[in-house]
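**Q** First the structure, which I've put down as structure tokens, then a few questions once you've had a look.
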Amino acid sequence: MKLGIRIVGDIARTMEAETRAGQKAVTAAMRKAGAGLKSAWRAQITGAGLGARLARTIRSEQYPKGRRSLNAAALVWSKAPVIVGAHDTGPLIRSKNGFWLAIAMPSAGKSSRGGSITPGAWERHTGMRLRFVYRRTGPSLLVADNVRVSKTGRVRENITRHKDGRVSSRLQGRATAVIFLLVPQVKLPKRLDLAQDARAVENALPGMIVANWTETRS
């Protein structure tokens, strides 16, 4: 049996056209994959109750920029990688200096920047001193003595300052308020599974490329 091969048309042009079709198909598939993964991660973050602001830190970019390529790639990342990564892995958080983690109670209020306040910042802001209360069972405490607690739960100073610098306490309504809980470590719950969405996009990518390639050639 004899077999014969005959090339019809210009093979160089055929290969060139096929390469262009592949570049278009791969680039389009990577663009769609990057956008899809960004949307999936944003939806997962808001669905976990972490807020739209954190979700908007998820960004995507495609490479190479401005042209088609068989080696096209998409990058999806967060502009707040530490926060997103912590919710994705559920790490065990310990104090940097090996002592305590201070967890602010509602009575502590917020920092000047709107976030959680530290014990040192609270003392500087209020002019009051915190007292350490050790407990053998349960978290230890940092408390403020001789204070008043407002209806909203915020602590305010319960002293009268005279013009000559003398200080006198008003005893009515005086109380000791818990401002911070002190714990040796905190286990952050895992609230995200970003790898699951990434795997889903990765598994769908070959089919997306083939579909785009077929559409380009038809």
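**Q** Does Pro206 fit the bill of being surrounded by fewer than 12 Cβ atoms within 10 Å (Cβ to Cβ), at pLDDT 85 or above and of a type outside the set (Gly, Ala, Ser)?
**A** It is true that Pro206 is surrounded by fewer than 12 Cβ atoms within 10 Å (Cβ to Cβ), at pLDDT 85 or above and of a type outside the set (Gly, Ala, Ser).
**Q** Let me ask something else about it. Please enumerate the residues belonging to the range 20-36 that are within 27 Å of the chain's Cα centre (by Cα) and open to solvent by 60 Å² or more (accessible area, probe 1.4 Å).
**A** Hits for the range 20-36 are Arg31, Lys32.
**Q** Another one. Residues of the range 37-74 being surrounded by fewer than 18 Cβ atoms within 10 Å (Cβ to Cβ), of a type in the set (A, V, I, L, M) and assigned to a strand (DSSP E or B), which ones?
**A** Within the range 37-74, Ala73 is the sole residue that qualifies.
Residue by residue, here is whether (1) open to solvent by less than 100 Å² (accessible area, probe 1.4 Å); (2) modelled with pLDDT of 65 or more; (3) assigned to a helix (DSSP H, G or I) holds:
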residue: Ala144; (1), (2), (3): yes, yes, no
residue: Val147; (1), (2), (3): yes, yes, no
residue: Gly153; (1), (2), (3): yes, no, no
residue: Thr160; (1), (2), (3): yes, no, no
residue: Lys163; (1), (2), (3): no, no, no
residue: Pro189; (1), (2), (3): yes, yes, no
residue: Gln196; (1), (2), (3): no, yes, yes
residue: Glu202; (1), (2), (3): no, yes, yes
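**Q** Considering only the range 86-105, state which residues are open to solvent by 50 Å² or more (accessible area, probe 1.4 Å), modelled with pLDDT under 85 and of a type outside the set (A, V, I, L, M, F, W, C).
**A** Listed by number, the residues that qualify are Arg94, Lys96, Asn97, Gly98.
**Q** Checking the conditions here, which among Ala52, Ala72 is in contact (Cβ under 8 Å) with a residue 40 or more places away in the chain and touching a helix residue (DSSP H, G or I) at 6+ places or on another chain (Cβ under 7 Å)?
**A** Ala72
**Q** Which of the residues spanning the range 166-187 are at pLDDT below 85, in a strand (DSSP E or B), surrounded by 11 or more Cβ atoms within 10 Å (Cβ to Cβ) and under 24 Å from the mean Cα position of the chain (by Cα)?
**A** Matches in the range 166-187: Val186 only.
**Q** Still on this structure, I have one more. Among the residues of the range 108-142, write down those that are at pLDDT below 85, closer than 22 Å to Val186 by Cα and part of a helix (DSSP H, G or I).
**A** Of everything in the range 108-142, just one residue is at pLDDT below 85, closer than 22 Å to Val186 by Cα and part of a helix (DSSP H, G or I), namely Ala108.
**Q** Given the structure, is Ala25 assigned to a helix (DSSP H, G or I), farther than 19 Å from Asn212 by Cβ and among the aliphatic types (A, V, I, L, M)?
**A** no
**Q** Continuing with the same structure: Cβ-Cβ below 9 Å, separation at least six or inter-chain, first residue in the range 187-207 and on the phi > 0 side of the Ramachandran plot, second assigned to a loop (DSSP other than H, G, I, E, B): which pairs?
**A** If the second residue must be assigned to a loop (DSSP other than H, G, I, E, B), no pairs are left.
**Q** So the check is Cβ under 8 Å with 6+ separation or different chains; which pairs have a first residue in the range 120-133 that's over 15 Å from Lys110 (Cβ atoms) and a second one that's open to solvent by 30 Å² or more (accessible area, probe 1.4 Å) and in a helix (DSSP H, G or I)?
**A** Arg129/Glu123; Leu130/Pro119; Leu130/Glu123
The values are calculated or read from the model by the stated rules, or taken from the named source; none is laboratory data. Keep in mind the model is a prediction, meaning the values are calculated, not measured. Neighbour counts run over all protein chains shown; Cβ positions are idealised from the backbone, glycine included. Accessible surface is based on the protein model in full, side chains and every heavy atom, while ligands, DNA and RNA are left aside. Shrake-Rupley method; radii C 1.70, N 1.55, O 1.52, S 1.80 Å.
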